[in-house]
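The values are calculated or read from the model by the stated rules, or taken from the named source; none is laboratory data. None of these values were measured; they are calculated from a predicted model. As a convention, Cβ positions derive from the backbone with ideal geometry for all residues, glycine included, and neighbour counts pool all protein chains shown. These area figures cover heavy atoms from the full protein model, side chains too; ligands, DNA and RNA do not enter into them. Shrake-Rupley method; radii C 1.70, N 1.55, O 1.52, S 1.80 Å.
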Amino acid sequence: NLLVKPVTGPGVKESTISFPAEDLWFDVDTMVGVERPMGHHDGSFSRTVSSDIDKIPVYQRGGSVIPRKLRLRRSTEMMTNDPYTLYIALDESQMASGSLYMDDEGTFNHVNGEYAMSNFTVDMNESIKCEVVGSAVWIDQRPSDSRLVERLVIMGLEKKPSTLMIGQVTLEFDYSEESKILVIRKPQVSALRDWSIMIQ
């Protein structure tokens, strides 16, 4: 679900990237969609982009959900309890899906089935859902406030929703008409629990 164009030569400032035309693509830094030629849905198309020493071109495929931990730490062990941000890149149907695998990040107990998998399904005409499968015992042993999702970033949203709700709680969000990006902050949900955000 990620397209990466490595920069392999000295002094390179621009790169030409070939994108599969059947999908939408979003710059992971700006979260803005790559402009696709009108009516071009087969084969590929090319774009020349900046790729100097501070920029490696990386793009997320429309229709995917990629969880990321954004805290800068000195080791991966210190990141264990850090919250996730879900980067949701919508396809032309305003839908996306993806999964997140989780275990204790320190032992080989996953071999014995001690792990969980969160499956995210997004339909911006209806809901954003998380359904968790895996070891019920291992999941129940985790605190309810562990593996939190602190933010959802939704790219390529064509229309601003009027209301987002979890149960009876109304969520706050920001939407940019220009960039077509929706950001939901602090939904207070865990990747280890089932939940649904209803869209109106």
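Quick notes on this structure:
- Selection from region 127-151 of residues that are without any contact (Cβ under 8 Å) to a residue 40 or more places away in the chain, hydrophobic (A, V, I, L, M, F, W, C) and surrounded by 14 or more Cβ atoms within 10 Å (Cβ to Cβ): W138
- Pair list, Cβ under 6 Å, 6 or more apart: region 102-113 residue of a type in the set (G, A, S), other residue open to solvent by less than 70 Å² (accessible area, probe 1.4 Å): G113/S135
- For Y87, the stated conditions do not hold, so it cannot be described as among the aromatic types (F, W, Y) and touching an Asp or Glu at 6+ places or on another chain (Cβ under 8 Å).
- Qualifying strands (runs of 3 or more DSSP E) (wholly inside region 69-139; at least 2 residues being at pLDDT 95 or above and β-branched (V, I, T)): 84-89, 116-123, 127-134
Okay, residues lined up against (1) in contact with a Ser or Thr (Cβ under 9 Å, 6 or more places away or on another chain); (2) of a type outside the set (F, W, Y); (3) over 12 Å from G63 (Cα atoms):
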| position | (1), (2), (3) |
| --- | --- |
| T85 | no, yes, yes |
| I88 | yes, yes, no |
| E92 | no, yes, no |
| M95 | yes, yes, no |
| Y101 | yes, no, yes |
| D104 | yes, yes, yes |
| A116 | yes, yes, yes |
| N119 | yes, yes, yes |
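- Close pairs (6 angstrom Cβ cut-off, 6 or more residues apart or separate chains): under 21 Å from R71 (Cα atoms) in region 85-100, of a type in the set (S, T, Y) and in a strand (DSSP E or B) anywhere: L100/S118
- Looking only at region 49-70, residues that are crowded, with 18+ Cβ neighbours inside 10 Å and under 15 Å from G11 (Cβ atoms) come to 1 in all.
- Qualifying residue in region 159-178 (condition: in contact with a Gly (Cβ under 7 Å, 6 or more places away or on another chain) and under 23 Å from L70 (Cβ atoms)): no
- Some residue of region 193-200 being surrounded by 14 or more Cβ atoms within 10 Å (Cβ to Cβ) and touching a Pro at 6+ places or on another chain (Cβ under 6 Å): yes
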